[in-house]
Amino acid sequence: MHSKLTTNVNEFVQNGNLTKYESELREIFTDIDICGCKISARYDPDTRSSHSVDESGNCRIQISLKKGVHSNELDIIWIILHEFGHHFAPIKSEHKNVIDEIIMSEERAWDWAEKKIMTFDSLSAEFKSFTACKIRYLNTYYKLKERSLNE
């Protein structure tokens, strides 16, 4: 019988085309589990991936595996680590501007993901791909801030 962790890893490996990174995913998912977080895939029309914490303090990470959402399969791993990074880099109320708070949280989560990636030789070898994904996602927040300043 498979454990929930094994079932989750298998789902991401198969549906994310990540066979080459199965052992890395297993280690990442184990870390997520040890921290008390739950991770699941989503296939619905809402293609956003997310990290959330409920009223009881339970952490949940949802990653879109819908076909055509990601530029390449490695983006799935980068986004998993980024969303997990939010567990260690929550939004802090240090700015009066909500957009600034969100941007700071996003940057901290990406920084955490980068450090985690460097603990895997196979993933750190793909750092260029990680950086491209990080820039692509952060730019959406920077553009949002720019639009809000122009209003």
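Quick notes on this one:
- Positions within the range 1-31 being at pLDDT below 95 and among the aliphatic types (A, V, I, L, M), in sequence order: M1, L5
- Where K67 falls short, out of the listed (1) out of contact with any Phe, Trp or Tyr (no Cβ under 8 Å at 6 or more places or on another chain); (2) open to solvent by less than 40 Å² (accessible area, probe 1.4 Å); (3) of a type outside the set (G, A, S): (2)
- Residue match in the range 45-52 (condition: among the β-branched types (V, I, T) and closer than 21 Å to K116 by Cβ): no
- The range 96-126, residues that are surrounded by fewer than 14 Cβ atoms within 10 Å (Cβ to Cβ), in contact with a Phe, Trp or Tyr (Cβ under 9 Å, 6 or more places away or on another chain) and of a type outside the set (A, V, I, L, M, F, W, C): S122, S124
- Every listed requirement among (1) assigned to a helix (DSSP H, G or I); (2) loosely packed, with under 13 Cβ neighbours inside 10 Å is met by H86 save one, (2).
- Per the conditions (1) over 21 Å from S124 (Cα atoms); (2) open to solvent by less than 60 Å² (accessible area, probe 1.4 Å), the sole criterion not satisfied by I80 is (1).
- Matching residues in the range 6-62 - criterion: being of a type outside the set (G, A, S), open to solvent by less than 70 Å² (accessible area, probe 1.4 Å) and in a loop (DSSP other than H, G, I, E, B): L18, C35, D44, D46, T47, D54
The values are calculated or read from the model by the stated rules, or taken from the named source; none is laboratory data. Bear in mind that the values here come from a model prediction, so they are computed numbers and not experimental data. Positions of Cβ are generated from backbone atoms using ideal geometry, with glycine treated the same way; all protein chains shown enter the neighbour counts. We work out accessible area using only protein heavy atoms, side chains counted, and drop any ligands, DNA or RNA first. Shrake-Rupley method; radii C 1.70, N 1.55, O 1.52, S 1.80 Å.
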